[in-house]
Amino acid sequence: MPMLDIQHLTKSFGGVQALNDLDFHVDKGEIVSVIGPNGAGKTSFFNTVTGYFSPDEGQILFNGVNISGHEPHEITELGIARTFQNVRLFPDMTVLENVMVAQHCRTTTGIFGTLLNTRSFRREEAQIEANAKDVLSFFGKRLQGYRWDQPASVLSYANRRRLEIARAMATEPELILLDEPTAGMNPKETAELTDLIRQLRDDRGYTVVLIEHEMRVVRDVSDRVVVLDHGEKIAEGDFETVSHNPDVIEAYLGRPAEHTDE
């Protein structure tokens, strides 16, 4: 059974078809890239899977549970985390606090324990802090040591994107959705993040789906690539197969691919 199994997913906005009868699956331990030209429906797809939009038709099964129409916090609790195209951090909170606050979907101490500062609350907060430091250690010196106490607002753009991934990791997901994780990065930063995406799966055991425009990243990390255009899946397979698909070339270039006898 796939970890994520999406069947006939359809979503429109005022007559604009964002997703049209989309079938999509992800197996445990895969890294799957979702690509396509601007307006292809990629972010609408993520938003529908994570509960920001409700589908018009179809179902979304996560570990066999239909999560269609669930609220975003419910989907997070079930084990799906995501990042966004535009970084969404708490700029005035420290790096460590940004990661700690993400774990509160997993806490058991109620409001009274928090207000009364009970022993169980203090024990749980200590564990949350330890977990946050462990997550941040994944990013090496970029988010460790003195960085813990810096406000998120002073981080470089690349480190803010890393911190958003750290915050997603802190929710203890099985599946992480990364929305254009290397957008705005220079070549060195892109290469570093490409390695980190592999390590999310290889070292930490996450299943990963990413939306990405940088084809070198897609080539280097993907077990499988799914191509969307106008909300429909037009190709699926390994990177080499998909990158030579005439329908994919036409979708990106806006004209049919030239066929040769070579």
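Taken together, the values in this text are just the output of simple stated rules run on the coordinates, not laboratory data. Because the structure is predicted, anything quoted here is derived from the model rather than measured. Quick reminder, even Gly has a Cβ in these numbers, built from the backbone with ideal geometry, and neighbours come from all protein chains shown.
Things to note:
- Counting lysine pairs in the chain whose alpha carbons fall under 16 angstrom apart, excluding pairs fewer than 8 residues apart on the same chain, gives 5.
- Peptides 49-56, 14-21 ordered by average Cβ neighbours within 10 Å, highest first: 49-56, 14-21
- Average projected area [Cα convex hull, the chain], square nanometres: 16.2
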